[in-house]
Amino acid sequence: MKLIFGTVMFAALAAAQEWKPLYDGKTLNGWEQHGNGLWTPLPDGSLLGQRVQKHAAKPFDAPFPVDAKAFDSWVHQQAWLYTMGTYTNFDLQLEYLIPPGMNSGVSLRDPTHGKFVTGEATAADGANTGSPAHNGYEIQIIDGPEKYPTGSVYLFDAAKFGAQRQAQWNTMLIESRPEMIRVSLNGQTVSQSAGDPKRPKSGPIGLQLHDQFTFVMFRNIQIRER
């Protein structure tokens with residue numbers, strides 16, 4: 001009986017440590033879109049994220065010419081792709097390719113699903129409570145000089161420079177535990193933070209299009225729950 005119990009426990013532990021795809025390479029099953037973004041599964045199994053200019057001739061509510069405030073409000077509106085499921089103890093591994101000058105990221109534990117930066121919040125939601133980086137956590141993906149380079153636990157710990165390969169596919173590993181978030185980039189640990197004990201310990205996982213001009217590619221998105 002003990003042997004059977006031990007075997008069952010071992011099998012359950014092994015199953016819990018298996019990598020499972022979060023993105024099937026063909027569809028957006030298990031994901032939901034927030035904001036004005038277009039996420040397209042490509043024939044090679046990668047996922048292309050880009051912005052959609054539905055009203056290219058007049059993207060602003062204000063008449064032309066627009067002032068700097070109106071332009072900034074438009075250009076910095078984000079778009080996100082979020083998992084429908086929520087996760088607590090897990091390892092997330094993915095590959096990404098970001099062109100020069102672009103800005104993206106991975107959201108962890110954000111209960112708002114980015115609604116305050118995608119234009120989806122309503123009056124019932126109250127005042128703007130900020131981006132996913134302020135409600136949960138954001139792992140930075142960016143090309144260019146930045147206080148928080150790629151791999152940073154944004155606002156908490158700036159990553160080491162030099163691990164990202166420019167204009168190439170990169171591999172990111174995010175280890176998320178209630179007491180710690182650690183990020184590795186191309187096999188090198190670049191950032192680690194305990195975060196804020198007042199913030200959520202679990203939540204969805206999101207992929208970011210930071211502004212109206214960003215596009216990015218992802219592939220081999222896998223999760224291993226602990």
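Starting from the coordinates of the alpha-carbon atoms of the stretch 99-142, obtain the Kirkwood hydrodynamic radius over all distinct pairs and give the value in Å to one decimal. Before the final figure, lay out the partial values.
Working: mean 1/r = 0.0890 Å⁻¹.
It works out to 11.2 Å.
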Dipole magnitude of the chain about its Cα centre (Cβ charges: Lys, Arg +1; Asp, Glu -1), debye to nearest 20 | 400
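With an 8 Å Cα cut-off and a minimum separation of 6 or more residues, compute the relative contact order for the stretch 100-214 in percent.
Taking the mean separation of contacting Cα pairs over the length of the stretch 100-214, I get 32 percent.
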Base-10 log of normalised Debye intensity for the stretch 19-225 (one unit scatterer per alpha-carbon) at q = 0.17 Å⁻¹ | -1.20
Over the chain, calculate the relative contact order: mean separation of alpha carbon pairs under 8 Å at least 6 apart, over the residue count, as a percent.
-> 31
Have a look at Gln50, Phe71, Ala167 and report the one farthest towards the positive end of the charge dipole of the stretch 19-225, computed about the Cα centre with Cβ charges (Lys/Arg +1, Asp/Glu -1).
-> Ala167
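If you filter the stretch 152-226 for GluC sites (Glu not before Pro), then keep DSSP loop positions with at most 15 other Cβ within 10 Å, what is left?
Values: sites: Glu175, Glu179, Glu225; in loops: Glu179.
Filter output for the stretch 152-226: Glu179.
I need the peptides 193-199, 141-147 ranked by packing, meaning the mean over residues of other C-beta atoms within 10 angstrom, with the highest value on top. Walk me through the numbers before you get to the answer.
Details: 193-199: 13.1, 141-147: 15.9.
The packing order, highest mean first, is 141-147, 193-199.
So how many Lys-Lys pairs in the stretch 40-170 land under 28 Å Cα to Cα, not counting same-chain pairs under 8 apart? Mind showing how you got there, number by number?
Details: Lys54/Lys69; Lys54/Lys115; Lys58/Lys69; Lys58/Lys115; Lys69/Lys115; Lys69/Lys147; Lys115/Lys147; Lys147/Lys160.
So the count of such lysine pairs works out to 8.
Where a number appears in this text, it was derived from the coordinates with a stated rule and is not lab data. Computed from a predicted model, the values in this text were never measured in an experiment. So basically every Cβ, Gly included, is an ideal-geometry build from the backbone, and we count neighbours across all protein chains shown.
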